[in-house]
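Written out below as structure tokens is the structure these notes cover.
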Amino acid sequence: MDLMKGKKGVIFGVSNTHGIAYGIAKQLYDAGAEIAFTYAGEAMEKRVRPIAEEMGAKIIMSCDVTKEDEVAAVFKEIEKEYGKIDFVVHAVAFANKEDLTGRFIDTTRAGWDLALGVSAYSLVTVSKYAEPIMNEGGSIFAMTYLGSILSVPGYNVMGVAKAALESTMRFLSVDLGAKGIRVNCLSAGPIKTLAAMGIGGFSKMLKAAVARSPLNRNVALEDVGKAGLFLASDLSSGMTGEVIYADCGCHSAYASAEEMDILSNNIEL
């Protein structure tokens, strides 16, 4: 498939072959895209570099998205190598483990600032440096989750960060729309990734997703990858300021039939 032939872009957030960012990168690469990769410090380089090299990446750089000079350096190198680019994938998020367990009310100020800085404000920084070198019709999209609009046990401050990310996306879509650049979010259902395993009670989230999903299954890495390919490509040329869901319909269902039976048997009206 040559859907992305001649298209160039960068992915922030690939960490291993089991992550959502990898699933998107694989679909983009298989569709003909040229991809630049970043990794978060030396510890992640040994995981990311083999993936990037396998996909023929010309740029593989360390980048802490909370440091503006490092983000600027990445885009300077991209401009030097490619001139203009067509897509940016933001798949970066982080919160302290202790802020993903227990009660949300116990979230520390430092934990709040860290989670929102890494997971939401970084989209502003990335977009700021991407804008000057993006082709008209280019696409920027960020990874989010249903915990942005619903209270999901164990997601805690990351839910607030994702809500901020989605709002950020909407304001950026207005700023960049005048240049024909689209900005969206892709909300994936729960997938067993290295990052997700740090969320308290994640195994229960997986089971709950199957129970609630109209498709009666969890979303697969390939499903999310295809949705990412759609957003990065010209197929989504008329879409911006949107949250696109790839979660087997979980976001659209109040409860499964089994859950309704449980609720009706245990709640007096």
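Where a number appears in this text, it was derived from the coordinates with a stated rule and is not lab data. Keep in mind the model is a prediction, meaning the values are calculated, not measured. Quick reminder, even Gly has a Cβ in these numbers, built from the backbone with ideal geometry, and neighbours come from all protein chains shown.
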| remark: Longest principal axis of the chain (C-alpha) makes with the long axis of helix 257-266 (C-alpha) an angle, in degrees to the nearest 10, of 40
| message | Counting only helical runs of four or more DSSP H residues, what would the 222 nm mean residue ellipticity of the chain come to if each run contributes -39,500 (n - 2.57) and the total is spread over all its residues? | response | -13000 deg cm²/dmol
| query | Which value in nm describes the separation of the simple spin-label points at Ala73 and Ala211, placed 7 Å from the Cα toward the beta carbon? | reply | 4.8
| task | Would you mind counting up the charge near Lys80? Only other residues with Cβ under 13 Å from its Cβ, with Lys and Arg at +1 and Asp and Glu at -1. | result | +1
| query | Tell me which aspartates and glutamates have Cα within less than 15 Å of Lys26's Cα, excluding those fewer than 8 residues away on the same chain? | reply | Asp2, Glu34, Glu53, Glu54, Glu222, Asp223
| field | the chain - Debye-derived log10 I(q)/I(0), Cα point model, q = 0.15 Å⁻¹ | value | -1.09
| field | Nearest-ten-degree value, helix 202-212 long axis tilted from longest Cα axis of the chain | value | 70
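If we count every other residue with Cβ under 12 angstrom of Val160's Cβ, Lys/Arg +1 and Asp/Glu -1, where does the sum land? Mind dumping the intermediate values first?
On the way: positive: Lys162; negative: Asp99, Asp113, Glu166.
Local net charge: -2.
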| message | With viscosity set to 0.890 mPa s at 25 °C, what whole-number translational diffusion coefficient in µm²/s follows for the stretch 79-201 from Stokes-Einstein and a Kirkwood radius over Cα pairs? | response | 162
| task | Can you tell me the 0 to 90 degree angle between the C-alpha axis of helix 20-30 and the longest principal axis of the chain, rounded to 10? | result | 50
| query | Under the Karplus relation 6.51 cos²θ - 1.76 cosθ + 1.60, θ = phi - 60°, what is the ordered set of whole-Hz ³J(HN,Hα) values for the stretch 127-139, x standing for Gly and Pro? | reply | 5, 4, 8, 6, 3, x, 10, 8, 5, 4, x, x, 10
| task | Give Lys8/Lys162; Lys7/Lys179; Lys8/Lys179; Lys5/Lys67; Lys67/Lys226 a once-over and call out the pairs whose C-alpha atoms are over 24 Å from each other. | result | Lys8/Lys162; Lys5/Lys67; Lys67/Lys226
| task | Could you go through the stretch 161-169 in sequence order and give the Karplus-derived ³J(HN,Hα) for each residue, using 6.51 cos²θ - 1.76 cosθ + 1.60 with θ = phi - 60°, rounded to whole Hz, and x for Gly and Pro? | result | 5, 5, 5, 5, 4, 5, 5, 4, 4
| request: For Thr144, enumerate residues with amide H under 5 Å from its amide H, sequence gap 5+ or separate chain, H modeled in the peptide plane. | output: Leu186, Ser187, Ala188
| remark: Hydrodynamic calc, the stretch 31-107: Kirkwood Rh from Cα pairs, then Stokes-Einstein at 20 °C with viscosity 1.002 mPa s, so D in µm² s⁻¹ is 148
| note | Loop-resident trypsin sites (Lys or Arg not before Pro) in the stretch 1-97 with no more than 10 other Cβ atoms inside 10 Å, DSSP not H/G/I/E/B, are Lys5
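Counting Lys +1, Arg +1, Asp -1, Glu -1, what net charge surrounds Glu34 among other residues with beta carbon under 10 Å of its beta carbon? List each step's numbers first, then the result.
Details: positive: Lys5, Lys7, Lys8, Lys58; negative: Glu81, Asp86.
Net of charged neighbours comes to +2.
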| task | In a Gaussian network model over the chain where Cα atoms closer than 10 Å are linked, find which of Ser139, Ser167, Ser15 has the largest mean-square fluctuation. | result | Ser167
| query | In nm, to one decimal, how far is the Lys84 label point from the Ala110 one, both placed 7 Å along Cα→Cβ? | reply | 4.6
